[in-house]
């Protein structure tokens, strides 16, 4: 039996610092669970002078990432620099050399996961990526192993803490998006350039990974409809409240009849749903399975220690495989490579949903019936209407909730309505998840 498992890190930022702290402070606990210590042999980073608050032996730090990849004693290479390249080259070279690898790089896995997984299978090594989705929430292991016998029908995820914090503050305090974003940046919950978060791309990366694991097929990022939270207003949040709903940025994937839909967008959900209660920077992934029914995984979705804990869980898992000579036991993409048929990805205009529609319409007789008439001609049925206030000759919000309708029909109807002279601005559309009454 090996006397220790030797690991090397590429990147010594927030997540790596958390992982190193856990490996250092919990080495006794880890040894009791694993049977031998996990030893940090090398850490590569461009900045080796800045203190991270952890004590390391002399010679561990280097500025040369390839030193980690080529180190003959290192068993597991941990990539935590983010981005596509050179992270991709480092991982592929480590795999080529027969090293096990761990990453928390959701963007890389979403774009190049198939290449990395294929290389790992061919070389017979493991790829750990628990930290790529949901921070400290063990959702990757749950889908790959805990739910290995489960036919998953749907995934609903709040997987971006920045967006969830913003929407929570807007809901609780009635503040505007721009105001809350500035506050989130000041508190460190949002990056100086928050585009990937608020635009929905970060959630799309994570959904691509979850969809691959749950349904056994790769979903290209370009096939995931992505819409951010920057256009959500306090007015729409207030109307959602009147309908008994909250607005969340949801990553949604569904499988049925050999097809998959995958989308990220602001979504209204009833307040009694568990996901509606996920507040602040927390994340949650809600699964619907054939045997288990519904399951919710909840926790901190980011941060040094939560994500660092996920990285260390991968290190322990892979170390156990090394000690037992069982690497490659679980396919990296959850399904055996030959059992992953390419399923058809639905286009966004094919999906069906309930819809919240807010028109800014002229306050005069007949407007409601005209709008309803256009919707009716496009096979869209209205379930409820709210029209607040009177402003003779001016424009007032006219809000409708629809029964289930097809996206294509809704978009065609709105295109006609938005050109009418009694509508003063483009209609606000928010999709709704819930039961059709």
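Overview of results
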| item | result |
| --- | --- |
| Residues located in the stretch 125-147, provided they are at pLDDT 95 or above and in a loop (DSSP other than H, G, I, E, B) | 125, 126, 129, 133, 137, 138, 147 |
| Candidate set: the stretch 49-62, residues that are in contact (Cβ under 8 Å) with a residue 24 or more places away in the chain and in contact with a strand residue (DSSP E or B) (Cβ under 9 Å, 6 or more places away or on another chain); chosen: the one nearest to residue 316 (Cα to Cα) | 56 |
| Residue in the stretch 250-271 that is touching a strand residue (DSSP E or B) at 6+ places or on another chain (Cβ under 6 Å), under 22 Å from residue 151 (Cα atoms) and surrounded by fewer than 18 Cβ atoms within 10 Å (Cβ to Cβ) present | yes |
| Failed condition for residue 370, given (1) modelled with pLDDT under 95; (2) touching a helix residue (DSSP H, G or I) at 6+ places or on another chain (Cβ under 9 Å); (3) outside any helix (DSSP H, G or I); (4) surrounded by fewer than 16 Cβ atoms within 10 Å (Cβ to Cβ) | (3) |
| Verdict on residue 196 being surrounded by 17 or more Cβ atoms within 10 Å (Cβ to Cβ), within 25 Å of residue 299 (Cα to Cα) and modelled with pLDDT of 95 or more | no |
| Test: residue in the stretch 226-233 that is assigned to a strand (DSSP E or B) and surrounded by 16 or more Cβ atoms within 10 Å (Cβ to Cβ) | yes |
| Index of the failed condition, residue 317 passing every other in (1) under 30 Å from residue 34 (Cα atoms); (2) modelled with pLDDT under 95 | (2) |
| Residue that is touching a helix residue (DSSP H, G or I) at 6+ places or on another chain (Cβ under 9 Å), in the same structural domain as residue 129 (by the TED database) and over 28 Å from residue 111 (Cβ atoms), where the choices are 379, 358, 320 | 320 |
| Inter-residue pairs, beta-carbon under 6 Å, first touching a residue at least 40 places away in the same chain (Cβ under 8 Å) and in the stretch 222-236, second surrounded by fewer than 16 Cβ atoms within 10 Å (Cβ to Cβ), 6+ apart | 234/174 |
| Residues located in the stretch 133-158, provided they are over 16 Å from residue 330 (Cβ atoms) and surrounded by 20 or more Cβ atoms within 10 Å (Cβ to Cβ) | 133, 134, 135, 136, 137, 152, 155, 156, 157, 158 |
| Within the stretch 94-110, considering residues that are part of a helix (DSSP H, G or I) and surrounded by 18 or more Cβ atoms within 10 Å (Cβ to Cβ), the one nearest to the chain's Cα centre (by Cα) | 106 |
| Out of 281, 311, sole residue that is under 28 Å from residue 14 (Cβ atoms), buried (at least 16 other Cβ atoms within 10 Å of the Cβ), in the same structural domain as residue 252 (by the TED database) and under 19 Å from the mean Cα position of the chain (by Cα) | 281 |
| Residue 214 vs. criteria part of a helix (DSSP H, G or I), under 15 Å from the mean Cα position of the chain (by Cα), buried (at least 23 other Cβ atoms within 10 Å of the Cβ) and in contact (Cβ under 8 Å) with a residue 60 or more places away in the chain | yes |
| Options 107, 65: the member that is touching a residue at least 60 places away in the same chain (Cβ under 8 Å) and touching a helix residue (DSSP H, G or I) at 6+ places or on another chain (Cβ under 8 Å) | 107 |
| Some residue of the stretch 339-355 being buried (at least 16 other Cβ atoms within 10 Å of the Cβ), under 30 Å from residue 30 (Cβ atoms) and touching a strand residue (DSSP E or B) at 6+ places or on another chain (Cβ under 8 Å) | no |
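Matching residues to (1) at pLDDT 95 or above; (2) surrounded by fewer than 16 Cβ atoms within 10 Å (Cβ to Cβ); (3) part of a strand (DSSP E or B):
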{"position": "12", "(1), (2), (3)": "yes, no, no"}
{"position": "19", "(1), (2), (3)": "yes, no, no"}
{"position": "32", "(1), (2), (3)": "yes, yes, no"}
{"position": "41", "(1), (2), (3)": "yes, no, yes"}
{"position": "47", "(1), (2), (3)": "no, yes, no"}
{"position": "51", "(1), (2), (3)": "no, yes, no"}
{"position": "72", "(1), (2), (3)": "yes, yes, no"}
{"position": "82", "(1), (2), (3)": "no, yes, no"}
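A quick yes/no check of all residues on (1) crowded, with 17+ Cβ neighbours inside 10 Å; (2) at pLDDT 90 or above:
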{"residue": "390", "(1), (2)": "no, no"}
{"residue": "399", "(1), (2)": "yes, yes"}
{"residue": "404", "(1), (2)": "no, yes"}
{"residue": "408", "(1), (2)": "no, yes"}
{"residue": "419", "(1), (2)": "no, yes"}
{"residue": "427", "(1), (2)": "yes, yes"}
{"residue": "431", "(1), (2)": "yes, yes"}
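The values are calculated or read from the model by the stated rules, or taken from the named source; none is laboratory data. Only a predicted model underlies this, so the values are computations on that prediction, with no experimental measurement involved. Quick reminder, even Gly has a Cβ in these numbers, built from the backbone with ideal geometry, and neighbours come from all protein chains shown.
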